[in-house]
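Beneath this line is the structure, given in structure tokens, with notes to follow.
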């Protein structure tokens, strides 16, 4: 290592982000801004039925419309895909079954959108309606008709894990608290609708531009479904106008336009409308939870027992991972010596749920933080002190083998307690006004990729030339979170230049090394390490050449202020451009690469693939509310939030992420819900989203945004680049329970479900006994025997005692069971058509298509 | 994005020409003012007029003047310009507050007073795109048979969601309608019908041309309270417009209390008369709020649950009357506080 120690010049300085100019001047080119000569437009026909078999599709009248170039149906792209290897259950267009209102059935490509729309209206689809499943209770009670051919009836997945003898610990606890909570589903509501353009290059290769967070996974899905070599496909992730997890799956419309462009040889574009974005969904799972916690008299936790029931919607999506995530991080915030987690995801005839900011963890966090508040009240402890006293131990393994690094939570709590005047105000404010506290933790990148591989999770390539130009290439995707800025930031820091000096080529599978995508708060940490490695390698090469020229040992050279100079004699040096020239002269064309793969997890049990991360971020939040008891109206007046970010690479961006999280969290806390309407059964089989529009799906406006005081707590973690941890998701998590806890302080009620509407506040105020509004009980679920994994302090080694031989390679994908019993090749695949499925289900049916 | 259907577009320059074009179209055409209601409705295929007649170039409809003790406001006056008129704010605060709380600044820049009065009635089963409505087999307001809010009902229960109509009704306004056969004048309550589909008594061949408001005499005060989820953007789920005239001793001489968004038209409360003859005491306010709120029979077709909307009616009416009594609106809870903080956008 030739690097001379130097103060950080870029890292930690508040800066304008590198893409700010383009964004504020309206010059950023989003997917829908792309126009090409001879471009055609695509529209999708979506199912009006929540659950039906397709008997016949008649597209003749649509094809007869002047200006229509192509009509596609499911049979044109019969190979299934899905983000997780265990859930390859989606088709570009439905084959013989539609599973929710909005499931796409056919596509029309025409000279313009209005022509395509007119043609859509002429497609005749003959449906045979099937019984619908509206919620998890119905799914548990109704195994048939099955929404998906895999899983158990309409149960998609059940998981059960136990770390130490929880029942014994509960029996020895001084107090046991048991509560049931409900967290309503909500959606991402990115301002930019999903859009994509596909075109065939002059040499016959395919390019897809798409507003996706995960170009790499879209790339794989396209290769699979279109049956063309991945190397002949280029996916370019255009800057996303917000993602939040909603653009992390490969989507129908992306595959459809790619197919259409290949058939027609012309560029084909699609831009979804807002209703269609609601149908793409993949948002927060509605989760019912039963949380049982045993504590000692001082409030310290001796054991926790959590059950979760998820409403998954009609497809798998990330659901298996989401299910595990409702349990995986419960041990990361506070010390939990023994822990049992059982989770169940069901299929319902609604748009699929998936990952939204915080993926699977806001729901159990809501439950635990409210229950801690109840524990504090029952034991007459200060809620802030109770939390402070049992923060998880830094640099330790948790009961479920998550490896923790630095934990800045104690300081986070101190900051918000001090800032909000907690000690003099909690419990002492006038009736109607109150403050509440909650904490949380989140991962900095999933430790395992979506599909099994031993390859890097992120790669960065640098190319430098004699002009002094540095170009950084990376597959990472700018979704508004500042991914590009992080890349420029770190390369500039290492090479001693300005972030604006660097040219960035990102989100392009042809030009940059693979980065898995903008999800799971992984980019800063993983791409960051890859960028630093690539930049340090470039630095080595240049330093070697400059050292020879200046006759200064490489270790004495400083890269800074766009120069390379002698630390002992700063006047002796060369400009950065000259340094690159001597480097190029010595080594030939200059280019380096860097890459990163997370350390191996300590969790060796099945299911242990979800939750491990190189580092964990922490947050604490105090919310002040003003409640009007006559109407139940809740105004959030102020929020204090402290986030342990390890190190803020660019504090301006970091604060933006924190404030954005507060905004999104308050929407979830107070108003947002994916609510569905089933019409009277004797009149209709309809099961529709109540209001798939930005007007009636209520999300806060700027007028609802309270004053926010943000504290960035920097406790650098050796696992992060310059010690940095995530900030994109974690700060969302404590806000919802802090609002609920503030209501208790204000008017003495518990609202144990989200969103906290005025009506629920009134209901809780009217409940003279429990002063509560929330679910009454948790349904009885026939759980499997849990995998028993002794915690580290009980002699465990991370493996389950009662686990059979592993069916897959060690440490596989995020979804821990690649080979799920009963998951035969999908009947629509050529493979599946050859061998009938394990249960002997009928051969796949293709509806008749009349052309 | 969603696209409008194909239609003929006409943009006459005079009122006479507009009336003639409208008549020629034989009831098939629709009038375009600011377009903030009609255009999205066309995109959702709730309204598919073969001809759209724009009033944007008809200058007469933008005139405003005061004569014979009446303020005349042209129907094409934008909502934004109403909120920047200091005289209006002083004389007719109910209308000012109503206009200032419609939608968002962008929509108020386009939306007009006449358009807001003629706003299509709204319903969660109706204000959806074509595909959604197809999924529920449509409703009687457009393309279907059933009213899904009340499936046994022979009528449509879509909700009058205009902010300005309750305010103007409370203020005793009138409107003028023009057609090829001449003009007529209606009291505002006569403009509306209690039906979600045929919610206006204005004929299809008529154009709403202006609004007439009596110039207030001393002792008159008015206000408008709007209940909605957010401080911007949302249509009312319940609204209260109140107007009173007091004598020198503070005795109420005349009063009008109007509820909006609880039926297919704004409702003038019979309880208004109970305000007359005594000062606005807390006792009277409570009694009137109790009686007037019984008029609110919301159905489950807007934001919020109907039970909560009904419960909130009394609170909203009380608040509006207390404000008229002289209470500081900022002390009257979050809804009033927000409205009191309204700042005109100049």
Conditions (1) more than 14 Å from chain A (Cβ to nearest Cβ); (2) under 28 Å from residue B:140 (Cβ atoms); (3) touching a residue at least 24 places away in the same chain (Cβ under 8 Å): number failed by residue B:190: (3)
Condition first: more than 30 Å from residue A:690 (Cα to Cα), surrounded by fewer than 14 Cβ atoms within 10 Å (Cβ to Cβ) and away from chain A (no Cβ under 14 Å). Can you find one or more residues in segment B:171-178 that meet it? no
May I ask you to verify whether residue A:694 is within 10 Å of chain B (Cβ to nearest Cβ), surrounded by fewer than 18 Cβ atoms within 10 Å (Cβ to Cβ) and touching a residue at least 24 places away in the same chain (Cβ under 8 Å)? yes
Of the residues B:221, B:258, which is crowded, with 24+ Cβ neighbours inside 10 Å and assigned to a strand (DSSP E or B)? B:258
Just checking, how many residues over segment A:254-289 are assigned to a helix (DSSP H, G or I) and more than 14 Å from every other protein chain (Cβ to nearest Cβ)? 12
Of the numbered conditions (1) part of a loop (DSSP other than H, G, I, E, B); (2) crowded, with 19+ Cβ neighbours inside 10 Å; (3) within 13 Å of another protein chain (Cβ to nearest Cβ), residue B:120 fails exactly one; give the number of that condition. (3)
Since residue B:247 meets every condition but one in (1) over 23 Å from residue B:96 (Cβ atoms); (2) within 14 Å of chain A (Cβ to nearest Cβ); (3) touching a strand residue (DSSP E or B) at 6+ places or on another chain (Cβ under 6 Å), which condition does it not meet? (2)
Considering only residues that are under 13 Å from residue A:64 (Cα atoms) and surrounded by 24 or more Cβ atoms within 10 Å (Cβ to Cβ), which ones fall in segment A:103-119? A:108, A:109, A:110, A:116, A:119
Give the number of residues within segment A:576-600 that are farther than 19 Å from residue A:476 by Cα and in a strand (DSSP E or B). 1
Report whether or not residue A:736 is touching a residue at least 24 places away in the same chain (Cβ under 8 Å), more than 14 Å from chain B (Cβ to nearest Cβ), out of contact with any strand residue (DSSP E or B) (no Cβ under 9 Å at 6 or more places or on another chain) and closer than 27 Å to residue A:632 by Cβ. no
Among the residues of segment A:433-448, is any surrounded by fewer than 23 Cβ atoms within 10 Å (Cβ to Cβ), in a strand (DSSP E or B) and at pLDDT 95 or above? yes
Residue check for residue A:669: surrounded by 21 or more Cβ atoms within 10 Å (Cβ to Cβ), within 14 Å of chain B (Cβ to nearest Cβ) and within 30 Å of residue A:160 (Cα to Cα): yes
Within segment A:752-778, restricting attention to residues that are within 14 Å of another protein chain (Cβ to nearest Cβ) and not in a helix (DSSP H, G or I), which residue is surrounded by the most Cβ atoms within 10 Å (Cβ to Cβ)? A:756
Of (1) more than 14 Å from every other protein chain (Cβ to nearest Cβ); (2) assigned to a loop (DSSP other than H, G, I, E, B), residue B:302 satisfies all except one. Which? (1)
Criterion first (crowded, with 20+ Cβ neighbours inside 10 Å and in contact (Cβ under 8 Å) with a residue 60 or more places away in the chain) does residue A:405 satisfy it? yes
What residue, among those in segment A:564-573 that are in contact with a helix residue (DSSP H, G or I) (Cβ under 6 Å, 6 or more places away or on another chain) and under 10 Å from residue A:546 (Cβ atoms), is surrounded by the most Cβ atoms within 10 Å (Cβ to Cβ)? A:564
Looking only at segment B:57-75, which residues are in contact with a strand residue (DSSP E or B) (Cβ under 8 Å, 6 or more places away or on another chain), surrounded by 16 or more Cβ atoms within 10 Å (Cβ to Cβ) and free of Cβ contacts under 8 Å to residues at least 60 places away in the same chain? B:62
Kindly establish whether residue A:718 is surrounded by fewer than 18 Cβ atoms within 10 Å (Cβ to Cβ) and within 28 Å of residue A:644 (Cβ to Cβ). yes
What single numbered condition from (1) under 30 Å from residue A:270 (Cα atoms); (2) at pLDDT 95 or above; (3) surrounded by fewer than 16 Cβ atoms within 10 Å (Cβ to Cβ) fails to hold for residue B:5? (2)
At pLDDT 95 or above, at positive phi and not assigned by TED's automatic domain parsing to the domain that holds residue A:316, is that true of residue A:102? yes
Only residues that are more than 14 Å from chain B (Cβ to nearest Cβ) and either in a loop (DSSP other than H, G, I, E, B) or surrounded by fewer than 24 Cβ atoms within 10 Å (Cβ to Cβ) (or both): list them for segment A:41-61, please. A:53, A:55, A:56, A:58, A:59, A:60, A:61
Looking at residue A:713, is it touching a helix residue (DSSP H, G or I) at 6+ places or on another chain (Cβ under 6 Å) and either within 14 Å of chain B (Cβ to nearest Cβ) or under 30 Å from residue B:338 (Cα atoms) (or both)? no
Take residue B:144 and decide whether it is without any contact (Cβ under 8 Å) to a residue 24 or more places away in the chain and not assigned by TED's automatic domain parsing to the domain that holds residue B:101. yes
Within segment A:678-691, restricting attention to residues that are within 8 Å of another protein chain (Cβ to nearest Cβ) and surrounded by fewer than 19 Cβ atoms within 10 Å (Cβ to Cβ), which residue is modelled with the highest pLDDT? A:690
Taking residue B:127 as the residue in question, decide whether it is over 23 Å from residue B:38 (Cβ atoms) and within 11 Å of another protein chain (Cβ to nearest Cβ). no
Yes or no: segment A:135-143 includes at least one residue that is without any contact (Cβ under 8 Å) to a residue 60 or more places away in the chain, farther than 29 Å from residue A:219 by Cβ and either assigned to a helix (DSSP H, G or I) or within 14 Å of another protein chain (Cβ to nearest Cβ) (or both). yes
Can you tell me which residue within segment B:309-328, out of those that are over 19 Å from residue B:267 (Cβ atoms) and crowded, with 20+ Cβ neighbours inside 10 Å, is nearest to the other protein chains (Cβ to nearest Cβ)? B:322
Can you find a residue that is away from chain B (no Cβ under 12 Å) and farther than 30 Å from residue A:19 by Cα anywhere in segment A:632-655? yes
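The values are calculated or read from the model by the stated rules, or taken from the named source; none is laboratory data. Everything numeric in this text was worked out from a predicted model, so none of it was measured. FYI the Cβ positions are ideal-geometry reconstructions off the backbone, even for glycines, and counts take in every protein chain you see.
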